[in-house]
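These notes are about the structure you will find just below.
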Amino acid sequence: MTGDRRRALPAVGTLLELDAVRALLTQAPRELVTDVVRSVVDDARHRLVDTPDNVDWATLITERLAQRRTSSLRPVINATGVVLHTNLGRAPLARAALDAMRDVASGFSNLEYDIDSGERGSRHRHCADLLCELTGADDAMVVNNCAAALVLALNTVADGRDAVISRGELVEIGGSFRVPDIMSKSGVRLVEVGTTNRTHLDDYRRALTAESGAIVSVHRSNFAVEGFVASVSATALAPLAVETGVPLLYDFGSGLMLDLSAWGLTGEPTARDAVRSGAALVMMSGDKLLGGPQAGIIVGRADMMDALRRNPLARALRVDKLTLSALEATLMLYREPERAVREIPALAMLTASVESLVARAEVLLMELQSRGITTAIVETEATVGGGAFPTARIPSIALALNGASASKVQARLREAPVPVVGRITNGRVLLDLRGVLPDTEPLLLSAIASALT
Ligand SMILES: *Cc1c(COP(=O)(O)O)cnc(C)c1O
């Protein structure tokens, strides 16, 4: 029976002669079109249930080709209300960072060249002085992400020796990042102290021996513990580290550079606070609250940083010129804090007033109304995301879409040229404006319009 159907399938060569398929050859290379035709026929051979006679081959082929020519990685609009959404790429970059990347990427650069001496330079020098200036640390270096920063720091400081950490800090940060796994892959022996809910300074003291290579403090960035709890801050651990000569490594995660308590965001340490704690090395992400590119930043003692830079792993974990240029341009903005809040998108989105969101929502609502589409403006709560300020609820504003089926509307929003990702609450699709970049609003409008008509 399948034999009959197979025989009825057109030959690849025949399909290539269809007018509509020949027209595709003016848009795409022959090899690609042929490959697409072949894959459509193959699929028909394996899956088609109806008789091939009524298949619209030209349309199937045109659609498949369009799919193949779309980038896999592409922009989307974040209307989820989770501002630093890890699945949606965390922090969008500031204009200054994009400009710096383009300048450096489009030609040659002094990535590893000392312009003053005309000799070979080190890529690790870029961003280092600026990071010291902004955090108060003695030295700094940049690697691929915060996980890499932790691996490099642990492996350099405590390879083959004990790393002492509280059981309350053996956390999972996201998908594939679990502190105990990262620690053992770094070559250290994990020594757990305290309990899930309570750890005291004495617990650390008792665990320190001649075998101890590091005390590790990991900020619980994506959850909060309440009730009968006790933990030892990095600030409280630092004197013990000094007394015993076992260096304290402090992973504080978020990369927060400015105090955002004026906007109701409290409870996360800033990078300056983390350095002031007295830890030997402080680790953070570049693409969370810092609002820069994906990167891991290590700041701290100069002697240790030298050892980190000499570790062969530093070569494997190093960052490229694009990251360094974007990070440096982002960091420069922090010299003027008001400018940073205005121009770094993550900070601008987190600090935008509710009134400004209402004003934007009203313009969108009227624009949609003029196209015959009714929406409503509703109050919502946004979150920071990216594993930072886990309990913060930021007052926000969303457009509520009424459609026959919320999940269908949501699916159609994802089919837009720039897909829109929202959320469903009480059977309605809500598009939260806090994470929507103002200059993407025209795209948002046309996606809503085509999803609802
Ligand atoms: C987010 C986070 C990490 C992982 O950072 P990446 O840059 O994504 O590798 C590590 N530690 C803490 C405390 C974090 O919050």
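The values are calculated or read from the model by the stated rules, or taken from the named source; none is laboratory data. No experiment lies behind these values; they were computed from the predicted model shown. Positions of Cβ are generated from backbone atoms using ideal geometry, with glycine treated the same way; all protein chains shown enter the neighbour counts. With ligands, DNA and RNA removed, areas are computed over all heavy atoms of the protein, side chains included. Shrake-Rupley method; radii C 1.70, N 1.55, O 1.52, S 1.80 Å.
Contact map, the stretch 117-133: residues that are part of a loop (DSSP other than H, G, I, E, B) paired with residues that are surrounded by fewer than 13 Cβ atoms within 10 Å (Cβ to Cβ), Cβ distance under 7 Å, separation 6+ or inter-chain. Pairs shown: GLY121/ASP114. Residue-level check: of (1) within 16 Å of the ligand (Cβ to nearest atom); (2) in a helix (DSSP H, G or I); (3) in contact (Cβ under 8 Å) with a residue 40 or more places away in the chain, LEU98 misses just (1). Can you name every residue in the stretch 207-222 that is surrounded by fewer than 14 Cβ atoms within 10 Å (Cβ to Cβ) and in contact with a Phe, Trp or Tyr (Cβ under 9 Å, 6 or more places away or on another chain)? None; the set is empty. Among the candidates VAL157, VAL191, the residue that is under 25 Å from MET304 (Cα atoms) and out of contact with any Pro (no Cβ under 7 Å at 6 or more places or on another chain) is uniquely VAL191. Applying the condition of being touching a Cys at 6+ places or on another chain (Cβ under 7 Å) and among the hydrophobic types (A, V, I, L, M, F, W, C) to the stretch 139-159 and asking which residue is nearest to the ligand (Cβ to nearest atom) yields VAL142. When the stretch 15-50 is filtered for residues that are exposed (fewer than 10 other Cβ atoms within 10 Å of the Cβ) and among the polar types (S, T, N, Q), only THR26 remains.
Of the candidates THR70, THR86, THR80, the single residue that is of a type in the set (Ser, Thr, Tyr) and without any contact (Cβ under 8 Å) to a residue 40 or more places away in the chain is THR70.
Taking the stretch 216-243 as the search range and keeping residues that are in a helix (DSSP H, G or I) and within 29 Å of the chain's Cα centre (by Cα), which one is nearest to ILE173 (Cα to Cα)? Can you show your working first?
Taking the stretch 216-243 first, the residues in a helix (DSSP H, G or I) are 234-243.
Going one step further and asking which of them are within 29 Å of the chain's Cα centre (by Cα), we end up with 234-235.
Working: ALA234: 19, THR235: 22 Å.
Selected residue: ALA234.
Has the stretch 128-138 got at least one residue that is more than 16 Å from the ligand (Cβ to nearest atom), among the acidic types (Asp, Glu) and closer than 24 Å to LEU347 by Cα?
To start, the set of residues in the stretch 128-138 that are more than 16 Å from the ligand (Cβ to nearest atom) comprises 128-130, 132-138.
Cutting the leftovers down to among the acidic types (Asp, Glu) gives us 129, 133, 138.
The next check asks that each one be closer than 24 Å to LEU347 by Cα; those that pass are 129, 133.
Yes, the conditions are met somewhere in the stretch 128-138.
Quick one: would you say ALA105 is in contact (Cβ under 8 Å) with a residue 24 or more places away in the chain, surrounded by 14 or more Cβ atoms within 10 Å (Cβ to Cβ), over 16 Å from ASP306 (Cβ atoms) and of a type in the set (A, V, I, L, M, F, W, C)? It is false that ALA105 is in contact (Cβ under 8 Å) with a residue 24 or more places away in the chain, surrounded by 14 or more Cβ atoms within 10 Å (Cβ to Cβ), over 16 Å from ASP306 (Cβ atoms) and of a type in the set (A, V, I, L, M, F, W, C). The residues in the stretch 353-382 that are under 26 Å from ARG95 (Cα atoms), small (Gly, Ala, Ser) and either open to solvent by 30 Å² or more (accessible area, probe 1.4 Å) or without any contact (Cβ under 8 Å) to a residue 24 or more places away in the chain (or both) can be counted, and the count is 3. For the stretch 223-259, the set of residues classified as open to solvent by 20 Å² or more (accessible area, probe 1.4 Å), under 17 Å from ILE165 (Cβ atoms) and within 16 Å of the ligand (Cβ to nearest atom) consists of PHE223, VAL225, SER231, SER233, TYR250, listed by residue number. Quick check on the stretch 144-163. Is at least one of its residues in a loop (DSSP other than H, G, I, E, B), in contact (Cβ under 8 Å) with a residue 60 or more places away in the chain and in contact with a Lys or Arg (Cβ under 7 Å, 6 or more places away or on another chain)? Scanning the stretch 144-163 turns up no residue that is in a loop (DSSP other than H, G, I, E, B), in contact (Cβ under 8 Å) with a residue 60 or more places away in the chain and in contact with a Lys or Arg (Cβ under 7 Å, 6 or more places away or on another chain). Only one of the numbered conditions (1) in contact with a Pro (Cβ under 8 Å, 6 or more places away or on another chain); (2) open to solvent by 20 Å² or more (accessible area, probe 1.4 Å); (3) farther than 14 Å from CYS127 by Cα is not met by GLY291, and that is (2). Regarding GLY278, is this residue more than 16 Å from the ligand (Cβ to nearest atom), open to solvent by 10 Å² or more (accessible area, probe 1.4 Å), part of a loop (DSSP other than H, G, I, E, B) and within 27 Å of ASN155 (Cβ to Cβ)? Spelling it out, GLY278 is indeed more than 16 Å from the ligand (Cβ to nearest atom), open to solvent by 10 Å² or more (accessible area, probe 1.4 Å), part of a loop (DSSP other than H, G, I, E, B) and within 27 Å of ASN155 (Cβ to Cβ). Might you check whether a residue that is touching a strand residue (DSSP E or B) at 6+ places or on another chain (Cβ under 6 Å), within 22 Å of GLU441 (Cβ to Cβ), among the polar types (S, T, N, Q) and not assigned by TED's automatic domain parsing to the domain that holds ASP159 occurs anywhere in the stretch 391-402? Looking for residues that are touching a strand residue (DSSP E or B) at 6+ places or on another chain (Cβ under 6 Å), within 22 Å of GLU441 (Cβ to Cβ), among the polar types (S, T, N, Q) and not assigned by TED's automatic domain parsing to the domain that holds ASP159, one finds at least one in the stretch 391-402, hence yes.
Of the residues making up the stretch 173-184, those that are touching a helix residue (DSSP H, G or I) at 6+ places or on another chain (Cβ under 7 Å) and either under 20 Å from LEU313 (Cβ atoms) or buried (at least 17 other Cβ atoms within 10 Å of the Cβ) (or both) are PHE177, VAL179, ILE182, MET183.
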